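To keep things clear, I will list the structure first and then write my remarks on it.
All of the numbers you see were taken from the coordinates with simple rules; none came from a lab. Quick caveat, the model's predicted, so the values are computed rather than measured. Note that we place each Cβ from the backbone using ideal geometry, even for glycine, and neighbour counts take in every protein chain shown.
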Amino acid sequence: MQFLGQIDLEATIIKGICDRKQLLLLFMCSNNPGMCDEWDADLGGNAAILVSKTNLTSLEPPCDQEEFLSEEILLTLDECDDSADTYCDILNQFQYQICGKIGGEPLWIQDDETPICSCGARMKFVVQLEPSTAFDFGDSGSGYGFVCSVCQQGAKFLWQCC
């Protein structure tokens, strides 16, 4: 699995989510892209994991393994209108400078695929990722991360493309 990134839920302004001291970690199968069923939140080709921010410890990669994460990139957040037209205009204007959006509503490329948590609750949208040089979501695709606001344990990630 390729590590895509982490979202500090406490740093978001998402109501009912920003009070949680958790990180949302996002992963996607990078072996033969498109063949791992990574577009589906429940087929095992991707993973979203919630971890507590308390007592975190950094780990060194195994010395006998190649390190694939060549650099750490810190992203900054800018507020903008959440409408689809505004988001798409900004995305088209700045292309790979925009990595996605946090909060609001997902801008689905296909149909609404908001996941259902194992507790039965409809999950809350957290992040939409756009394709970049670091990751690819198929033909002009977007990745979508969700957490459960009911049980506060569930997290899922999926993507859609044209």
key: Net charge dipole size for the range 2-46 [Lys, Arg +1 and Asp, Glu -1 on Cβ; Debye, nearest 20]   = 220 debye
request  = Calculate the spin-label point distance for residue 111 paired with residue 152, positioning each point 7 Å from the Cα along the beta-carbon direction, and give it in nanometres.
outcome  = 3.4 nm
query = Given the Cα-Cα distance of residue 18 and residue 49 and 0.36 nm per residue of separation, how much length would full extension add, in nm?
reply = 9.5 nm
